[in-house]
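Here the structure is laid out as C-alpha cells; the discussion comes afterwards.
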Amino acid sequence: MSGAVTGGERPGAGLRVLVVTVVHHPGDARIAHREMGALLDAGFEVTYLAPFFGFDVPARPGVTVVDVRRSYGRRRLGALLDARRKIRALAPDHDLVLLHDPELLLVAGAAGRTPVVWDVHEDVPATVEIRTWIPTWLRVPLAGFLRFLLGRAERRHHLLLAEHGYRRLFRGDHPVVPNSTSVPATVPGPDGEGPARVVYLGSLTRDRGADEIVALASELAERGRDDVRVEVVGTAHGTVGAALQAAHDAGTLVWHGFVPNDRALPLVQGAVAGLALLHDEANHRVSLPTKNMEYLAHGVPVVATPLPEVEAFLAASGGGVVVPFGEAPTDAVLALADDRERARAMAERGHAHVAAHHNWDRDRTVLVEHLARWARAGR
C-alpha cells in the first residue's frame with residue numbers, strides 16, 4: 001500500500017467503476033456517501049446501478065445513474081435478471097464492477113472480462129436467522145449454500161471487508177474498509193437547555209431494536225417526561241413500520257423516515273443520547289455498527305446493547321453506556337437527560353476517540369488504493 005493520497009495525486013484518474021446494488025437504498029451511507037465520495041475525489045468515473053425508482057434520491061453530481069429493479073423479501077428473481085442484463089451491457093465500458101449484495105454473486109459472470117469486487121457488508125450466512133421472510137425449513141440449507149457462495153466468490157473475485165471480524169468467513173486475507181465515519185473538527189455536544197432529544201439513525205428492524213425504541217417513547221410518555229423527545233431517522237423494514245407510524249401519529253416519537261446521510265447526521269447533533277439497541281444475533285456479534293461512531297463523531301453519547309465489539313468500543317472511548325438486550329433503555333436515557341454535564345463529558349471523550357481511531361478520512365485510502373490497483377491490473 002502506497003500510503004495516503006496527498007497533494008495532486010488522483011489514483012483513479014482515467015478509471016471507470018460500475019457500482020451495483022439491488023438491495024440497498026440508493027442513498028445508503030456506505031455506498032453512496034462514503035465510498036462513492038472517495039471514488040469521485042480520487043478521480044474515478046462512477047456509474048451507479050441501483051433501485052432508484054420509487055425513492056426520492058437525486059443523482060449525485062458527477063455520477064451516471066442507471067435504474068434497476070429492487071430486490072426485497074421473496075421478490076428477488078426479477079431484480080437479479082434485470083441486474084444481470086444491465087451489468088452485461090455496462091461492464092465492458094468499465095474497468096471494475098463493485099458489487100454490494102451477496103445475491104449479485106449469482107450474476108457476477110455477466111461482467112465478462114471486467115474484474116469484479118464484492119464489498120462484504122455482513123456475516124452473510126448468519127443473516128439467514130434474522131430474515132423473517134425465509135421459511136424456517138429453508139434456513140439451514142440456505143446458510144450452507146451461502147457458505148459455498150462465499151468460497152466461490154473468494155476464488156473468482158476481489159473482496160473488501162467492512163469488519164475485521166468477517167475475516168473468519170474466508171480462507172485468505174482480504175483488505176478491510178471499515179464502516180468508519182467522517183469526523184467534524186468541532187461539534188456542539190448535547191444541548192445544555194431546553195427539551196432533551198434522543199435520536200436513532202439507521203435502518204429499522206426488530207433485530208436492530210425498533211420495538212425497544214417504540215417502548216422507550218411509550219415509557220417516557222407514561223412517566224410524564226414530555227421534556228424528553230425521541231426522534232427516529234431511517235427506513236422501516238418488515239412489520240415494524242406500523243408500530244413506528246402509530247407512535248408518530250400518537251405524538252410519542254417523531255419519525256422522519258429516510259433522510260440522506262449528509263442531511264441526517266446534522267439532525268443528531270445536540271441530542272443527549274444516540275440509540276444503538278441491536279439484538280444478540282450472530283450477524284451483530286462481530287460488528288461495530290457505524291451509528292455508534294457517527295453519534296460520537298457528532299457529539300452525541302451512545303446508549304447501546306452489550307455486543308462484544310460495541311462494549312469494547314464504549315470502554316475505550318468512554319463515550320456511552322451499555323443497557324441490557326431487549327429492554328427499553330428508559331432509565332439510562334433519563335440519567336443522561338437529567339445530567340447534561342455528564343452527557344457532554346461522554347460526548348467530548350467519544351469525539352476525540354473516534355477522530356483518532358475510526359476516521360473515514362483515513363480509511364478511505366484503503367478503498368481507493370485497492371480499487372485503483374485492481375482496475376489497472378485488469379486492463
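The values are calculated or read from the model by the stated rules, or taken from the named source; none is laboratory data. Small disclaimer: the values here were computed from a predicted structure and weren't measured. Please note: Cβ atoms are built from the backbone with ideal geometry, for glycine as well, and neighbour counts cover all protein chains shown. To get the accessible areas, we keep the full protein, side chains included, count just its heavy atoms, and leave off ligands, DNA and RNA. Shrake-Rupley method; radii C 1.70, N 1.55, O 1.52, S 1.80 Å.
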*Within segment 161-178, can you find the residues that are under 18 Å from Leu146 (Cα atoms) and over 18 Å from the mean Cα position of the chain (by Cα)?*
Arg167, Arg168, Leu169, Phe170, Arg171, Gly172
*Evaluate segment 206-214: report whether one residue or more is over 30 Å from Thr252 (Cα atoms) and either open to solvent by 30 Å² or more (accessible area, probe 1.4 Å) or not hydrophobic (A, V, I, L, M, F, W, C) (or both).*
no
*Number of positions in segment 346-369 that are polar (S, T, N, Q) and open to solvent by 30 Å² or more (accessible area, probe 1.4 Å)*: 0
*Limited to segment 235-268, what total is found for residues that are assigned to a loop (DSSP other than H, G, I, E, B), at pLDDT 95 or above and surrounded by 15 or more Cβ atoms within 10 Å (Cβ to Cβ)?*
1
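Yes/no matrix, rows are residues, columns are (1) surrounded by fewer than 22 Cβ atoms within 10 Å (Cβ to Cβ); (2) aromatic (Phe, Trp, Tyr); (3) in contact (Cβ under 8 Å) with a residue 24 or more places away in the chain; (4) under 20 Å from Asn292 (Cβ atoms):
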| position | (1), (2), (3), (4) |
| --- | --- |
| Pro184 | yes, no, yes, yes |
| Ser203 | yes, no, yes, yes |
| Glu222 | yes, no, no, no |
| Arg225 | yes, no, yes, no |
*Count - residues of segment 30-43 that are in contact with a Gly (Cβ under 6 Å, 6 or more places away or on another chain) and open to solvent by 10 Å² or more (accessible area, probe 1.4 Å)*: 2
_In segment 279-299, the residues that are closer than 22 Å to Pro184 by Cα and either part of a strand (DSSP E or B) or not aliphatic (A, V, I, L, M) (or both)_ = Pro289, Thr290, Lys291, Asn292, Glu294, Tyr295, His298, Gly299
*If you take the residues in segment 269-325 that are among the aromatic types (Phe, Trp, Tyr) and within 23 Å of Val228 (Cα to Cα), which one is least open to solvent (accessible area, probe 1.4 Å)?*
Tyr295
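Working carefully through the options Ala89, Ala79, Ala50, Ala83, find the one that is more than 20 Å from Ala153 (Cβ to Cβ) and within 24 Å of the chain's Cα centre (by Cα).
That would be Ala50, the only listed residue that is more than 20 Å from Ala153 (Cβ to Cβ) and within 24 Å of the chain's Cα centre (by Cα).
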*Looking at segment 300-312, which of its residues are touching a helix residue (DSSP H, G or I) at 6+ places or on another chain (Cβ under 7 Å) and either part of a strand (DSSP E or B) or without any contact (Cβ under 8 Å) to a residue 40 or more places away in the chain (or both)?*
Val302, Val303, Ala304, Leu307, Pro308, Val310
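Every residue, every condition in (1) out of contact with any His (no Cβ under 7 Å at 6 or more places or on another chain); (2) of a type outside the set (D, E, K, R), yes or no:
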residue	(1), (2)
Leu307	no, yes
Ala312	yes, yes
Ala316	no, yes
Gly319	no, yes
Ala328	yes, yes
Asp338	yes, no
*Hey, among the residues in segment 42-64 that are among the aliphatic types (A, V, I, L, M) and without any contact (Cβ under 8 Å) to a residue 60 or more places away in the chain, which one's farthest from His94 (Cα to Cα)?*
Ala59
*asked:* For the structure I just gave you, tell me whether Asp191 is modelled with pLDDT under 95 and assigned to a helix (DSSP H, G or I).
replied: no
*Give just the number: which of (1) closer than 27 Å to Leu159 by Cβ; (2) basic (Lys, Arg); (3) modelled with pLDDT of 95 or more does Arg342 not satisfy?*
(1)
*Has segment 121-132 got at least one residue that is closer than 24 Å to Trp374 by Cβ and open to solvent by 30 Å² or more (accessible area, probe 1.4 Å)?*
yes
*Considering segment 15-39 alone, what residues qualify as being part of a loop (DSSP other than H, G, I, E, B) and modelled with pLDDT of 95 or more?*
Leu15, Thr21, Val22
*Taking interchain pairs and intrachain pairs at least six residues apart, which have beta carbon atoms under 7 angstrom, with the first residue in segment 325-336 and in contact (Cβ under 8 Å) with a residue 60 or more places away in the chain and the second charged (D, E, K, R) and assigned to a loop (DSSP other than H, G, I, E, B)?*
Leu334/Arg225
